[in-house]
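Enquirer: Below is one structure. I have some questions about it.
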Amino acid sequence: MNIISADRNGEDIIFKRQRNAFMQIDSSDLTKNMLDTSKVLYIEDDDGIRLLGEDAFKFATIFEKEARRPMKHGIVSPQEKEAIPIMQLIVERVLGNTKDSKEVLYISTPADPIDVDMDVLYHKKTMEALTKRLKYDARVIDEGLAVIYSELADYNFTGLGVSFGAGLTNVTLAYMASPLLSFSIGRGGDWIDEQAAKSTGLTKERVTATKEKVSSLNNQVTVGSPEGALNIYYDALISYVIEHLKKRLAHITPPEVAFPVAVAGGSSLPKGFFEMFEKKMKNAKLGVELSKVVKAKDPLNSVARGCLIAAQTQESQKPTKSQKNQSSKPKVKKATH
Amino acid sequence: MREHKEKLFKPDEDKLSRRGETIYYFGTLFFVAGIILIGFATASIMFFQINTQSEEKLVTDIITYMGVGLLFVTLGINFMLKQSRKGYLIFSLGTIFAGAGIVSFYHNFETNWYYPTISYILLAYLLGFLLLMGNAFGQVTVWLLRKSQETESPLKTSKKQQREYTDEEIQRDIDQAIKKTLKQAADNLQFNLSTGPTFRVSSASANTETIIKRKDTMNETMALQQTLNPGAKEEWGGAGVDKASTLLSETLNTDSPQKKKISHIFHNFFHKN
């Protein structure tokens with residue numbers, strides 16, 4: 001749902017985030033004036049005006065309309081003909097151009113889903129093309145591995161990285177930073193929103209807004225409120241992910257070590273989610289021993305941070321040039337979606 | 001499909017069975033007749049107590065039965081074996097030589113059983129017998145070799161196929177091949193993003209993105225580098241060099257704590273003075 005970039009600037013990391021959504025409205029001078037005054041991001045062509053990013057999402061929530069999404073199920077949406085140009089614009093704004101064509105950029109992409117007949121290859125290539133156009137040395141990394149890079153350094157990058165995203169949930173099992181198993185599941189935050197919207201009769205955007213504001217997942221909810229439905233579907237999503245993980249682990253023979261688990265992603269933000277996940281993981285009889293379940297320090301930006309770590313590592317491994325970069329403080333970016 | 005297959009193979013099978021029936025009938029007939037003749041000749045030798053003083057006519061008959069019996073046994077064996085062209089030639093020559101030997105023996109034993117006639121007759125019979133036996137042996141060897149090739153190789157292949165290509169593995173191979181092809185096709189793709197639809201972007205939208213600035217030492221980068229390249233060289237002045245130096249000095253410093261204490265006192269004394 002979000003396109004996030006991470007960039008290093010001295011001792012700081014700068015995260016830049018834009019909601020990956022748009023909404024079409026009729027074009028008129030009055031509307032344009034109003035939008036310009038409100039400093040709203042939009043594009044205009046013969047077909048009308050399209051509000052972009054966070055503003056599109058806000059307008060959709062206010063007017064109880066559905067915001068359109070350039071991405072669906074974690075990949076570029078085949079149903080939206082304007083998906084690529086809109087994403088191109090959002091990516092350009094989030095990343096910005098690079099002066100140095102050798103600047104490394106890591107893009108997180110989903111692994112192949114195991115429960116949906118879908119291929120992520122075209123999406124990967126599209127994202128590579130969008131970023132290469134901005135003169136970056138673009139590379140791709142699995143979303144789950146990015147979580148491991150960001151959260152499991154204390155465990156020698158060994159463990160299970162789970163990213164609960166909007167379209168997909170990505171899982172990677174890595175040993176010493178090398179992925180052993182990587183897959184995604186065709187359910188994520190969007191699935192929760194859809195199910196909760198169907199159950200409560202609210203629009204998906206309203207459910208999403210409630211979900212993002214929800215203080216905690218617990219059993220004490222008001223009758224008919226979206227919180228109750230959210231609680232149920234969060235529980236269902238976690239169980240679904242664990243069941244698939246169990247099946248996949250049965251097909252491999254991982255090293256006999258206790259694996260820590262790192263949880264990240266925008267859909268893991270609500271309070272109580274981590275506790276629910278931790279409890280279910282400990283009760284699940286997985287084929288591997290689990291040592292600890294770790295909550296990402298910044299779940300929403302964890303994948304972006306992991307990509308930045310990968311990019312910096314890549315930069316520092318470059319022969320001779322690495323010394324130059326170190327002295328001039330390398331500027332390494334990444335994008336996630 | 002199955003009927004078609006049956007029709008395709010039926011003529012050959014009929015031909016084979018017809019050949020088999022005739023050839024095996026004669027082969028068995030000759031073989032059994034030969035055994036009976038040998039048995040009869042052996043029994044006669046014992047019954048008539050044949051020796052150097054025995055009647056010549058009796059000796060001629062019994063040895064002829066014996067010779068014919070041996071010839072029939074070898075003929076029977078040869079009939080039962082599938083013969084090549086060369087095989088039929090040798091088979092015919094062997095029969096002629098052995099037959100000629102027997103006939104010559106029968107006519108010459110009583111009246112003309114002297115050197116060199118004996119040698120010629122024995123040589124002809126022996127040559128015929130050896131040709132027939134050799135031919136049979138050769139055909140059996142060839143048949144065994146062919147059979148082992150025909151039976152073992154398909155078995156090996158089928159076993160290999162069963163072991164290497166289960167349904168799951170075939171599906172996996174197909175999936176991998178498709179993925180490889182897709183990847184190659186995707187690698188060759190050249191996206192032309194400059195010719196997309198043209199939009200006018202709103203002017204008053206400078207900073208609509210959410211920006212978060214956070215202090216972060218990013219120690220993971222060094223750790224990841226070391227994990228990915230455990231044998232990599234440490235850079236001069238890096239933390240890894242300090243750590244390695246400390247460990248090395250601790251290892252090399254073999255002085256006992258007491259000795260260390262004394263040297264420390266001396267060191268302090270001289271420095272103070």
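Enquirer: Cβ-Cβ below 8 Å, separation at least six or inter-chain, first residue in the stretch B:166-187 and within 11 Å of another protein chain (Cβ to nearest Cβ), second acidic (Asp, Glu): which pairs?
Expert: Here the result reads B:182/A:119, each pair linking the stretch B:166-187 to a residue that is acidic (Asp, Glu).
Enquirer: Provide a single number: the residues in the stretch A:1-27 that are more than 10 Å from every other protein chain (Cβ to nearest Cβ) and either assigned to a helix (DSSP H, G or I) or under 17 Å from residue A:77 (Cβ atoms) (or both).
Expert: So the count comes out to 6.
Enquirer: Collect the residues in the stretch B:100-132 that are among the small types (Gly, Ala, Ser) and under 12 Å from residue B:71 (Cα atoms), keeping them in residue-number order.
Expert: Within the stretch B:100-132, B:100, B:101, B:128 meet the criteria.
Enquirer: Please enumerate the residues belonging to the stretch A:117-142 that are in contact (Cβ under 8 Å) with a residue 60 or more places away in the chain and basic (Lys, Arg).
Expert: Once the filter is applied, which keeps residues that are in contact (Cβ under 8 Å) with a residue 60 or more places away in the chain and basic (Lys, Arg), the stretch A:117-142 yields only A:139.
Enquirer: I would also like to ask the following. In the stretch A:174-201, what count of residues is obtained for those that are part of a helix (DSSP H, G or I) and farther than 19 Å from residue A:237 by Cα?
Expert: Total meeting the criteria: 0.
Enquirer: So which of A:25, A:90, A:4, A:75 is surrounded by fewer than 20 Cβ atoms within 10 Å (Cβ to Cβ) and among the hydrophobic types (A, V, I, L, M, F, W, C)?
Expert: Only one candidate qualifies: A:25.
Enquirer: Scan the stretch A:41-61 and give yes if some residue there is closer than 23 Å to residue A:268 by Cα, out of contact with any Pro (no Cβ under 8 Å at 6 or more places or on another chain) and in contact (Cβ under 8 Å) with a residue 60 or more places away in the chain, otherwise no.
Expert: yes
Enquirer: Restricting to the stretch A:28-48, and then to whatever is surrounded by 14 or more Cβ atoms within 10 Å (Cβ to Cβ) and part of a helix (DSSP H, G or I), can you tell me which residue is farthest from the other protein chains (Cβ to nearest Cβ)?
Expert: By that ranking, first place goes to A:31.
Enquirer: Consider residue A:129 against the criteria (1) within 14 Å of chain B (Cβ to nearest Cβ); (2) part of a helix (DSSP H, G or I); (3) closer than 19 Å to residue A:254 by Cα; (4) small (Gly, Ala, Ser): it satisfies all of them except one. Which criterion is unmet?
Expert: Tallying (1) within 14 Å of chain B (Cβ to nearest Cβ); (2) part of a helix (DSSP H, G or I); (3) closer than 19 Å to residue A:254 by Cα; (4) small (Gly, Ala, Ser), residue A:129 fails exactly one: (3).
Enquirer: Just to verify a result, which residue in the stretch A:100-112, among those that are within 14 Å of chain B (Cβ to nearest Cβ) and of a type outside the set (A, V, I, L, M), is surrounded by the fewest Cβ atoms within 10 Å (Cβ to Cβ)?
Expert: A:112
Enquirer: Give the residues of the stretch A:137-173 that are touching a Ser or Thr at 6+ places or on another chain (Cβ under 6 Å), within 14 Å of chain B (Cβ to nearest Cβ) and in a loop (DSSP other than H, G, I, E, B), sorted by residue number.
Expert: Within the stretch A:137-173, A:156, A:157 meet the criteria.
Where a number appears in this text, it was derived from the coordinates with a stated rule and is not lab data. Nothing here was measured: the structure is a model prediction, and the numbers come from that model. In this analysis, Cβ positions are derived from the backbone assuming ideal geometry, glycine residues included, and neighbour counts consider all displayed protein chains.
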